[in-house]
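Q: Pasting a structure below so you can have a look.
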Amino acid sequence: MTQTLHLGQTLNFTGDPFIEGPAAATHSSRGAVLVEGGRVVATGEADALRARHGGAEVIDHGEGLILPGFVDAHMHYPQTGMIASWGKRLIDWLNSYTFPEEGKFADRAYADEVAGRTLDLAIANGTTTLTSFCTIHPGSVDAFFEAAEARGMAAFAGKTCMDRNAPDFLRDTAQSAHDDSKALIARWHDKGRARYVITPRFSPTSTPEQLDALGALWAEHPSCLMQTHLSEQVDEIEWVKGLYPEARDYLDTYEAHGLLGERGLYGHAIHLEPREADRLREVGAGLVHCPTSNTFIGSGIFDMAARVAEGQRIGLASDTGGGSSFSMLRVMGAAYELGQLRRNPIHPAQLLWLATEGSAKVLHAEGDIGRLAPGAAADMIVLDLASTPGIAQRSALAADIWEALFPTIMMGDDRAITATYVAGQRMKG
């Protein structure tokens, strides 16, 4: 089997930079990544690996920084076409933009077109793994997983379930949500690089009966992830309280129906009550920070410092189309800006970790994605740290790798991604 040796700058994490600081990362100004059969075989210094693997094909990326592909832990591929729509908050956003667009996914051909476009935009921006809500239509799930399979990508997704507070054309039932999801699990879960995610949109659009059905389904299939939304906006929280008057808090609307667990993904989690934070930490659930969405639709400021101090498991996501960019560089930049508003300037090592290994950990897939280490999938990007004149002039003055990288985090876009590899295959560049 052919081996390929990628040469360039490399940056590998040996620990969690939120715990260990920047020392959790190892930078090489002339490193290498050896790839065989779509997986990383070895990493190290370029000269040493070239000497040991003289027969390998060599691809020299020059000064490019070789990194794991970005991992987007929460997004909505059906909202790709309506990204950057003006002037709405969450509930109006759903009614004005989201629901009309999602209704189009009853047409399988339309779902196929948007799924392919979404994944190609992700690849162009250096994202090699997406975690997506689909629509209520099982065909929308098939379209997404088939598009990902065609590109060799790791994909996490599920049928969005809603049986109230949505247009008639986007409602299922408690029974059909269970049965459709169960059939999709049988068709896709753990097939190749596909992972099924049980997906109630959020408590306001599901009756207690539907949440019960999905909680029972999760208990039947505990290796699946479960994704939903939690405490995104204050008016949403008040809506939840009115719909579930018996609940102790928003999280209890999931917990009471079997939808709280270690393999649960809770998008946003901005306005948490102390009990909610305690329970999420106790079970080891995943919180997914969506900074570009939180600013774009005016949701609030995620308290990264508090959540880290509690020991929460945290990932990072674009939340397109509520988020206003397909680029995880822009998402990292927004996370930094929101951190500054809470007097918590997040270090570039921490930002990069959130967008790669941190999100992979939330997805319980850290051995496969989000890192360049032996045994991991060779999902890689090459980052140009001087992709525009403005970035180049700043990075030229950098005293270390973090000063060189940070201008690209703050000002970079798809032009900074000179190459994207999925399972070792070059998909961009």
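The values are calculated or read from the model by the stated rules, or taken from the named source; none is laboratory data. Owing to the predicted nature of the structure, the values given are computational and were not obtained by experimental measurement. Here the Cβ is made from the backbone with ideal geometry for all residues, glycine too, and neighbour counts use every protein chain on show. These accessible areas exclude ligands, DNA and RNA; they are computed on the full protein's heavy atoms, side chains included. Shrake-Rupley method; radii C 1.70, N 1.55, O 1.52, S 1.80 Å.
Q: What's the extension gain from E113 to T2 if we count 0.36 nm per residue and subtract their Cα-Cα distance?
A: Length gained between E113 and T2: 36.6 nm.
Q: Enter the per residue convex hull volume of the chain, computed from alpha-carbon coordinates, in Å³ rounded to the nearest integer.
A: 128
Q: How high is the relative contact order of segment 290-407, in percent, counting Cα pairs under 8 Å that sit 6 or more residues apart?
A: Computed over segment 290-407, the figure is 20 percent.
Q: Protein chains only, probe 1.4 Å: how do H289, H364 rank by accessible area, largest first?
A: From most accessible down to least: H364, H289.
Q: Between segment 16-74 and segment 248-301, what is the separation of their alpha carbon centroids in Å?
A: Here the two parts' Cα centres lie 34 Å apart.
Q: What length, rounded to one decimal in nm, is gained on full extension from E403 through to E57, with 0.36 nm per residue of separation minus their alpha-carbon distance?
A: Residue separation times 0.36 nm, minus the Cα-Cα distance, leaves 121.4 nm.
Q: On full extension of the chain, what length is gained from A23 through A396, given 0.36 nm per residue of separation minus the C-alpha to C-alpha distance?
A: Stretched out fully, the A23 to A396 stretch lengthens by 132.0 nm.
Q: In whole Å, what are the Cα extents of segment 220-326 along the three principal axes, biggest one first?
A: Computed over the Cα atoms, the extents are 35, 32, 28 Å.
Q: I'd like the FRET efficiency for D92 and E209, computed as 1/(1 + (r/R0)^6) with the beta carbon distance as r and R0 of 35 Å, rounded to 0.05.
A: Result of the calculation: an efficiency of 0.80.
Q: Per residue, how much accessible surface does segment 117-205 expose to a 1.4 Å probe? Answer in Å², no decimals.
A: 29
Q: So, taking all protein chains as they sit and a 1.4 Å probe, how much accessible area belongs to E146, in Å² rounded to tens?
A: Around 80 Å² of this residue is reachable by solvent.
Q: Now for a different question. Please report, as a whole percent, how much of the solvent-accessible surface of the chain comes from carbon and sulfur atoms (probe radius 1.4 Å).
A: With neighbouring chains kept in place, the figure for the chain is 51 percent.
Q: If you don't mind, there's one more thing I want to ask. Find the accessible area per residue for segment 257-405; the probe is 1.4 Å, ligands and nucleic acids are left out, and the unit is Å².
A: Averaged over the residues of segment 257-405, the accessible area is 31 Å².
Q: Sticking with this structure for a sec: Could you state how much accessible area K428 has, in square angstrom rounded to the nearest 10, with a 1.4 Å probe and all protein chains kept in place?
A: Approximately 50 Å² of K428 is accessible to the 1.4 Å probe.
Q: Set the Förster radius R0 to 35 Å, insert the Cβ-Cβ distance between T14 and L341 as r into 1/(1 + (r/R0)^6), and round the FRET efficiency to 0.05.
A: With R0 = 35 Å, the Cβ-Cβ based efficiency is 0.70.
Q: Need one number: nm distance between label points at D168 and V283, each 7 Å from Cα along Cα→Cβ, rounded to one decimal.
A: According to this spin-label approximation, the distance is 3.5 nm.
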